[in-house]
1. Can you name the residue in region 62-89 that is acidic (D, E) and surrounded by 13 or more Cβ atoms within 10 Å (Cβ to Cβ) and is also nearest to D39 (Cα to Cα) among such residues?
2. So is S48 at pLDDT below 95 and polar (S, T, N, Q) or not?
3. What is the residue count in region 83-113 for residues that are farther than 26 Å from A70 by Cβ, part of a helix (DSSP H, G or I) and in contact with a strand residue (DSSP E or B) (Cβ under 9 Å, 6 or more places away or on another chain)?
4. Of all residues in region 11-61, how many are open to solvent by less than 50 Å² (accessible area, probe 1.4 Å), of a type in the set (S, T, N, Q) and either over 19 Å from T80 (Cα atoms) or not in a helix (DSSP H, G or I) (or both)?
5. Return the pairs, sorted by first residue and then second, in which the second residue is open to solvent by less than 70 Å² (accessible area, probe 1.4 Å) and not in a helix (DSSP H, G or I), the first residue lies in region 53-82 and is touching a residue at least 24 places away in the same chain (Cβ under 8 Å) and under 17 Å from L41 (Cβ atoms), the beta carbons are less than 8 Å apart, and the residues are 6+ apart or on different chains.
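The values are calculated or read from the model by the stated rules, or taken from the named source; none is laboratory data. Remember, it's a predicted structure, so these values are computed and weren't measured experimentally. All Cβ positions, even for glycine, are placed from backbone atoms using ideal geometry, and neighbour counts span all protein chains on display. Accessible surface is based on the protein model in full, side chains and every heavy atom, while ligands, DNA and RNA are left aside. Shrake-Rupley method; radii C 1.70, N 1.55, O 1.52, S 1.80 Å.
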Amino acid sequence: MNHLELEQEIGKMARAMMTRNSLIGKDLIADLRGRVSVDSLAALMIVSIERLIWYDCESVIWSLSYLIPADVMEEIRRITALVVCQRLMGKGFLLGKDFSIDATGQLMLSENAKTAVVVA
């Protein structure tokens, strides 16, 4: 998928999320599953959510609750946990002391690390 196609798919996904119509969203996700990997689909969903959050937070909440399949949601959690860990380490926080990840992939943060994540 080239940059133009990627941009078009992100736009389509954001618009599908805004409709809050699960049939539209699920059809689009099914089409994308046939063309990209789960991690690429998760990344596309993250960017679509990021675009949508500025305009329609309720559609983001709806999408997270009703549209995104479990395997894609797990990949989104993995990607975002990795990014949060990298940013915390970049700010001087220590893995195992200030934050960690449990066996289920849940990010556990100290109060200082929570504050740093929210402020960032």
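1. Filtering region 62-89 for residues that are acidic (D, E) and surrounded by 13 or more Cβ atoms within 10 Å (Cβ to Cβ), the one nearest to D39 (Cα to Cα) comes out as E75.
2. Numbers: at pLDDT below 95: no; polar (S, T, N, Q): yes.
In short, no.
3. Residues in region 83-113 being farther than 26 Å from A70 by Cβ, part of a helix (DSSP H, G or I) and in contact with a strand residue (DSSP E or B) (Cβ under 9 Å, 6 or more places away or on another chain): 3 in total.
4. Of the residues in region 11-61, 2 are open to solvent by less than 50 Å² (accessible area, probe 1.4 Å), of a type in the set (S, T, N, Q) and either over 19 Å from T80 (Cα atoms) or not in a helix (DSSP H, G or I) (or both).
5. E74/G105; I76/I68; R77/G105; R78/G105
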